[in-house]
Amino acid sequence: FGLRDHYGYWKSKGQTSSAGKVFYYELCRDSPCHSVFFDDNVDADDFKAICPVDAKQPDAKCSILALSQSHICKAEPLRAIKDRYYFIGELRRLEDGYEKRLVARERLMKAICAVRAMVRWRVAARSRSPAKA
């Protein structure tokens, strides 16, 4: 679905992301969809008119770099006019980025689980060995 912002409200709040269009997203394998957001008012260091919210962790901070790889795209109207496949290419880029982020998260979770298991094993081994005086 499409959204239209309320420019007057956004401007009255200093044109900050927190007053922008709310964008709920998820990054998980079992998500039924991959939400994406195209907006011409996105910078490399600021969401500007978009207020991204992680649907599973609403209070978590969002990284513009990470979301620009998988969920948010700066809309380029002139490129879209000249290239009829512009949006398809950008969707493909976001899909690829989404998959890469999922794989990276899965690797991180495996590494964390391995470290936890090793710590538990060492703690258990220490508790079984006799104390040295």
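Can you figure out the FRET efficiency of R4 with K100, using R₀ = 41 Å and their beta-carbon distance, to the nearest 0.05? With R0 = 41 Å, the Cβ-Cβ based efficiency is 0.85. Solvent-accessible surface of the chain, taken per residue with a 1.4 Å probe and all protein chains present: 75 Å².
Here the simple spin-label model places points 7 Å from the Cα toward Cβ, and for R93 and A75 these points are separated by 1.6 nm. Loop by DSSP (not H, G, I, E, B), at most 13 other beta-carbon atoms within 10 Å: where is the longest site-free stretch of the chain for chymotrypsin sites (Phe, Trp or Tyr not before Pro)? Answer - 2-84.
For the listed residue pairs K61/K82; K13/K56; K48/K110; K11/K100; K48/K100; K56/K110, the alpha carbons are over 30 angstrom apart in K61/K82; K48/K110; K11/K100.
Taking the Cα centre of the chain as origin and assigning +1 to Lys and Arg Cβ atoms and -1 to Asp and Glu Cβ atoms, the resulting dipole is close to 1040 debye.
Positive-end ranking of F23, F87, Y7 along the dipole of the chain, with charges on Cβ about the Cα centre, is headed by F23.
Take the Cα of R107, step 7 Å toward its Cβ, do the same at V119, and the gap between the two points is 2.2 nm.
Once each of the trypsin sites (Lys or Arg not before Pro) sitting in a DSSP loop with at most 13 other beta-carbon atoms within 10 Å is removed, the chain keeps 85-131 as its longest stretch. A Förster radius of 22 Å combined with the Cβ-Cβ distance from D30 to L65 puts the calculated FRET efficiency at roughly 0.35. Among the listed values [x] 122; [y] 97; [z] 163, the one computed from these coordinates for volume of the Cα convex hull per residue in Å³ is [z].
Counting only DSSP beta bridges with both residues in the chain, tell me the antiparallel percent, nearest 5.
Details: 1 of 9 bridges.
Of those bridges, close to 10 percent are antiparallel.
The values are calculated or read from the model by the stated rules, or taken from the named source; none is laboratory data. None of the values given here were measured: they were computed from a predicted structure. Neighbour counts run over all protein chains shown; Cβ positions are idealised from the backbone, glycine included. Protein only, heavy atoms only, side chains kept; ligands, DNA and RNA dropped before computing areas. Shrake-Rupley method; radii C 1.70, N 1.55, O 1.52, S 1.80 Å.
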